[in-house]
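Just below is one structure, and these are the notes that go with it.
The values are calculated or read from the model by the stated rules, or taken from the named source; none is laboratory data. Just so you know, these numbers come straight off a predicted model, no measurement behind them. The accessibility values were calculated without ligands, DNA or RNA, using every heavy atom of the protein model including side chains. Shrake-Rupley method; radii C 1.70, N 1.55, O 1.52, S 1.80 Å.
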Amino acid sequence: MSDDGKVYGRVVQVLGPVLDVEFENEAQLPEIYDALEINEGEGEHRVSLVAEVEQEIGRDQVRCVAMSTTDGVVRGMKVLSTGKPISVPVGEECLGRSSNLLGEPVDYGPPCRRRSAGRSTSRPLFPSLSTNTEIFGEPASRWSISWPRTPRAARPASSAAPGWERPSSS
């Protein structure tokens with residue numbers, strides 16, 4: 001923990017959009033689905049991204065998925081634990097609006113009311129869960145796409161790889 005009361009970690013591994021972040025001790029580890037922020041560098045070398053914690057991997061480390069490119073992220077960069085999940089805009093004022101993956105408006109309009117992305121309003125209670133196989137909703141055949149029939153002569157000889165020919169019927 002730093003002097004300002006915020007919890008910081010450091011990047012220990014970058015694999016594409018996946019980041020492993022190490023904290024000083026287990027007590028500082030962020031919760032699963034919490035947002036982590038990296039804001040380092042200056043000018044064209046500035047790295048600014050948000051990552052979501054997906055897994056605790058031991059050794060006081062968490063594995064995260066970046067919500068934007070990890071170009072420029074290197075081992076040792078300082079990572080801020082926000083202590084809360086990524087939030088997204090909700091409500092009537094967001095209908096018809098354009099926003100990025102983090103819910104930030106990209107259409108230059110006013111910001112929308114925000115709510116946690118991982119928050120569920122109604123989680124099922126454990127005793128109500130079942131292991132039985134059930135079919136929910138409408139039958140699949142009702143939503144199937146119906147393609148128009150094509151005369152046999154207009155169909156290709158085979159749907160297999162090019163060069164394959166159908167055996168002759170002798």
Row for the range 1-47, column shape: gyration tensor on C-alpha, a ≥ b ≥ c, rounded if a/c < 1.5 i.e. under 1.5, prolate if a/b over b/c, else oblate; value oblate
Give me the accessible area per residue for the range 1-65, probe 1.4 Å, as a whole number in Å².
-> 60 Å²
Tell me, what % of the accessible area of the range 17-85 is carbon and sulfur with a 1.4 angstrom probe?
-> 43 percent
Give me the number: length gained by fully extending Ser98 to Arg113, i.e. 0.36 nm times residue separation minus the C-alpha to C-alpha distance, one decimal in nm.
-> 4.0 nm
